[in-house]
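A short reminder: the numbers here are calculations on the coordinates, not readings from a lab. None of the values given here were measured: they were computed from a predicted structure. For neighbour counting, all protein chains shown are included, and Cβ atoms are generated from backbone atoms with ideal geometry for every residue, glycine included.
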Amino acid sequence: MINYSLIFYLKLSFLFILGSFFGSFINCLSYRYINSLDFIYSRSICENCGHKLNVSDLIPVFSYLLRKGKCKYCGKPIDKSHLLIEIITGIVFVLLFIKNKYLNYLYLKDIILSLILIGLSIIDIKSYIIPDGFIIGGIINYLFFEFDDIYLDLIRAFIISVFIYLLVIIMNKNNHKDNMGMGDIKLIFMISLYFDAYKVLIIILLASILGLIEILIHKRNKIPFGPFIAIACIITLTLL
């Protein structure tokens, strides 16, 4: 007799492992972008000692835990953000499957969008830059999977992003500082293709709340806003 519960949990386990590998991959690409390294021919290295890593050093989650969070070559601590990204990406793969219930094109579309959001968040945190390539990738992903109402979605995205842009200009003049960069506006345009106006509003409000919490806790005058938009998007994708 087929144990469907066991099969379901095996699927979730497989998707978590698969997601952690993709998390490791997108983290690697983001690191190479930030450090202007070759995307194809560069070998993964320890960020502390520069030693080239072997395949056994690159197994997501497992390698970090096996080495107790330290490089086996120099013994220095490995940035915990690598482990966190791998775990988060694995969880996102699982949550999206639970929501979609099938491994279909909608699941694949949401997975690609999530990976794009995670990648640009890593770069924005490190460099305060949201690369146009990630935005273009998000738009291409939308156009590839969307079959209906493309023009309406484009118009909605344009109107929302222009409205936010004008609002930011007013806020910048009143506060005499930059509250949001053009990269954030482009990101809002991109996500507005995927979500209706109501959900975009929820995403912006949630991102603003999360950003405000970050400012209050760490008492920072400036934060990259892209990661908070990305977090809000992923929460909306997986839970709403």
Inter-site label distance for MET171 and ASP79 at 7 Å from Cα along Cβ, in nm
2.7
Which shape class, rounded, prolate or oblate, goes with the chain when its Cα gyration tensor gives a ≥ b ≥ c as root eigenvalues, a/c under 1.5 marks rounded, and past that a/b bigger than b/c marks prolate?
oblate
If I build a Gaussian network model for the chain, linking alpha-carbon pairs within less than 10 angstrom, which residue out of ILE116, ILE78, ILE217 has the largest mean-square fluctuation?
ILE217
Debye log10 I(q)/I(0) at q = 0.12, 0.20, 0.24, 0.27 Å⁻¹ for region 95-166, Cα point scatterers:
-0.42, -1.02, -1.14, -1.16
Looking only at LEU193, LEU15, LEU37, which one moves most when the chain is put into a Gaussian network model with springs between Cα atoms under 10 Å?
LEU37
For ILE45, the residues 5 or more places away or on another chain with a placed amide H closer than 5 Å to its own amide H are LEU53
Cβ-based charge dipole, region 104-240, positive-most Cα from LEU167, PHE145, ILE217:
ILE217
By how many nm would the segment from ASP148 to LEU10 grow when fully extended, if each residue of separation counts as 0.36 nm and the alpha-carbon distance is taken off?
46.2 nm
Only Lys, Arg (+1) and Asp, Glu (-1) charged, at Cβ; the chain dipole about Cα centre in debye
920
Note down, for region 104-240, the three equivalent ellipsoid semi-axes (square root of 5 times each alpha carbon gyration tensor eigenvalue), biggest first, whole angstrom.
25, 17, 13
Rounded, prolate or oblate: which one fits region 17-111, using the alpha carbon gyration tensor with axes a ≥ b ≥ c (rounded when a/c is under 1.5, else prolate when a/b beats b/c, else oblate)?
prolate
Taking only complete DSSP H runs, can you tell me which helices of the chain stretch 27 Å or more along their own long axis by Cα positions and average at least -1.0 on the Kyte-Doolittle scale?
4-34, 80-100, 105-127, 150-175, 197-218
Please report the relative contact order for the chain, taking Cα pairs under 8 Å with a sequence separation of at least 6, and give it as a percent rounded to a whole number.
20
